[in-house]
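Just below is one structure, and these are the notes that go with it.
The values are calculated or read from the model by the stated rules, or taken from the named source; none is laboratory data. Not measured: the values here are computed from a predicted model. Backbone-built Cβ (ideal geometry, glycine too); neighbour counts: all protein chains shown. Ligands, DNA and RNA are stripped out before the accessible areas are found, and what is left, the full protein with its side chains, is counted by its heavy atoms. Shrake-Rupley method; radii C 1.70, N 1.55, O 1.52, S 1.80 Å.
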Amino acid sequence: MNGHALAERGLPTPLPCLVFQKYRFGRPCEGYLLCEQVVDSAPIYRWWTKETNPRKRRDLLYRLGRLIRMMHERGFLHRDLKAPNLLVNKQGELFLIDVVGSIREFPLSPEQCRKDLGRLATSSIQFGLSNTDRLRFTKAYLAW
């Protein structure tokens, strides 16, 4: 449901195609989700370490900041927002994945948004963002 809700709000995510839910004693237990494949994509931290063009890196940070801002403005919290859950394809387009735990709530509190951003900031340590890169992301997120 969250995958379709994100897509309907113009947020890039692979569309869910099939859901299979196992039940035990009438209660859901294991579940499986099959989504569209994002062709020629990699998690953002792999893309970042391979990309050497500073302009492409800078553009990606601005687009990422705008994407996360749009997600929060449209009432979505990812709740597992981290670098492995952001894909970048060959054209440099961003995709949100693993949206199972996301919640839809409007309006979001600033505290909820800070927690989402904190998870992303913590995971960004693994691919070596500089303070300048973090500032670029923040400027795009805050729409300065």
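Values as computed for the structure displayed
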| read-out | value |
| --- | --- |
| Looking only at segment 24-61, and only at residues there that are more than 24 Å from HIS4 (Cβ to Cβ) and within 14 Å of the chain's Cα centre (by Cα), the one that is surrounded by the fewest Cβ atoms within 10 Å (Cβ to Cβ) | ALA42 |
| Spans of helices (runs of 4 or more DSSP H) in segment 1-113 with at least 1 residues out of contact with any Phe, Trp or Tyr (no Cβ under 9 Å at 6 or more places or on another chain) and more than 23 Å from SER124 (Cα to Cα) | 2-8 |
| Some residue of segment 77-92 being in contact with a His (Cβ under 7 Å, 6 or more places away or on another chain) and more than 28 Å from PRO54 (Cα to Cα) | no |
| Subset of segment 2-48 (residues that are of a type in the set (Gly, Ala, Ser), modelled with pLDDT under 90 and within 22 Å of ILE68 (Cα to Cα)) | GLY3, ALA5, ALA7, GLY10 |
| Test result for ARG69, open to solvent by less than 70 Å² (accessible area, probe 1.4 Å), closer than 18 Å to TYR141 by Cβ, of a type in the set (Lys, Arg) and at pLDDT 90 or above | yes |
| Answer residue from segment 88-144, given it is open to solvent by less than 70 Å² (accessible area, probe 1.4 Å) and of a type in the set (S, T, N, Q) and is modelled with the lowest pLDDT among those | SER102 |
